[in-house]
1. Going through 70, 43 one at a time, which residue ends up being surrounded by 24 or more Cβ atoms within 10 Å (Cβ to Cβ), within 27 Å of residue 229 (Cα to Cα) and at pLDDT below 80?
2. Hey, residue 254 hits all of (1) free of Cβ contacts under 8 Å to residues at least 40 places away in the same chain; (2) in contact with an Asp or Glu (Cβ under 7 Å, 6 or more places away or on another chain); (3) of a type in the set (Val, Ile, Thr) but one; which does it fall short on?
3. Evaluate the following for residue 185: is it surrounded by 21 or more Cβ atoms within 10 Å (Cβ to Cβ), closer than 21 Å to residue 231 by Cβ, modelled with pLDDT of 90 or more and among the aliphatic types (A, V, I, L, M)?
4. Here is a list of conditions, (1) among the aromatic types (Phe, Trp, Tyr); (2) at pLDDT 75 or above; (3) surrounded by fewer than 17 Cβ atoms within 10 Å (Cβ to Cβ), and residue 79 meets all of them except one; can you say which number that is?
5. In this structure, does residue 133 turn out to be over 30 Å from residue 256 (Cβ atoms) and surrounded by fewer than 21 Cβ atoms within 10 Å (Cβ to Cβ)?
6. Please determine whether any residue of the range 80-95 is closer than 20 Å to residue 195 by Cβ, outside any loop (DSSP other than H, G, I, E, B) and touching a helix residue (DSSP H, G or I) at 6+ places or on another chain (Cβ under 6 Å).
7. Quick one: which of 216, 188, 211 is in a strand (DSSP E or B), within 15 Å of residue 114 (Cα to Cα) and either free of Cβ contacts under 8 Å to residues at least 60 places away in the same chain or charged (D, E, K, R) (or both)?
8. Looking at 158, 234 in this structure, which one is part of a loop (DSSP other than H, G, I, E, B), over 14 Å from residue 124 (Cα atoms), in contact (Cβ under 8 Å) with a residue 40 or more places away in the chain and within 14 Å of the chain's Cα centre (by Cα)?
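The values are calculated or read from the model by the stated rules, or taken from the named source; none is laboratory data. Please read these numbers as outputs of a predicted model, since none were measured by experiment. Note that each Cβ is placed from the backbone with ideal geometry, even for glycine, and that neighbours are counted across all protein chains shown.
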Amino acid sequence: MLNEIGTATAGHFGADGLNSLGETATDYAGSAEYLENVLGHAGVGCAAALANGQSCFSGAVAGGASGAAGPFYVGSGVYTGTALASITGGIGSAAGGGSFEQGAFTGALGYLYNDSFVVTPSLNAPGFLVRAINAVFGTNIMTSGGGIVFAISYPGVTGGEWDAGIGVQGILLGADAEVGTGYTAIDVGMGAGSVRDLAGTALMLGFNNGVWGMTVSGSVDENGNFTLPGSSITVHFGPGFQGQIVPTYTGMRTIRDYLKLE
């Protein structure tokens, strides 16, 4: 994923404008790591474009362009940086014969969801089945599924910090909307903010088509407002058919918690 590519190629820049090698964006540009980062983003852009019925070339140009320009947006702020990455990706895609919209989407995601990496083995039963079990047997099962969350995070534009952690995520029954047979899968994706931000309540929108699927999770604060840190986008692979809009709750324990670091 884009997050792993950035980490492996020293493409993550913190609030001080420096990457893990202590380089500024200008120092980084032209290095072997910079070229690897651009090529990695191009590969992900190609895959994203093919998944949306467009050409690999247009997606690769969009991903490569946003990856090439991304380090120079550090310090411009989340909103400005996202807008610039989106425009760069859109122009790149259009130049490669694809749609501006797809390229803009790829560029924005690559910039925003690039501070944490998440892996979640999960099992999701259909909500109606759990409700039926509760009604027949008088039980009070409060969740229709969930998973174990493994996550690492790095300094980035949405407040990420060096950390790693493990947690448990559960789907909350009550305000959920689910259709399908349920599914079991391995989720792999990118997030905004740090590992600690994944803890708490979120609203998850996702699907699984029998072989694979995608989930977008928006973090929700105590006032019911959506927040970018703690939100994530994952792709999952596994059997089952499901479409769902469900609230979730995640409990996390991180290395920073264990060491009592702020």
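1. Exactly one residue qualifies, and that residue is 70.
2. Of (1) free of Cβ contacts under 8 Å to residues at least 40 places away in the same chain; (2) in contact with an Asp or Glu (Cβ under 7 Å, 6 or more places away or on another chain); (3) of a type in the set (Val, Ile, Thr), only one is false for residue 254: (1).
3. yes
4. Only one criterion in (1) among the aromatic types (Phe, Trp, Tyr); (2) at pLDDT 75 or above; (3) surrounded by fewer than 17 Cβ atoms within 10 Å (Cβ to Cβ) is unmet by residue 79, namely (2).
5. Yes; evaluated as a whole, the condition is true for this residue.
6. No: zero hits.
7. Result: 216 is the single residue among 216, 188, 211 that is in a strand (DSSP E or B), within 15 Å of residue 114 (Cα to Cα) and either free of Cβ contacts under 8 Å to residues at least 60 places away in the same chain or charged (D, E, K, R) (or both).
8. Testing whether each residue is part of a loop (DSSP other than H, G, I, E, B), over 14 Å from residue 124 (Cα atoms), in contact (Cβ under 8 Å) with a residue 40 or more places away in the chain and within 14 Å of the chain's Cα centre (by Cα) leaves just 158.
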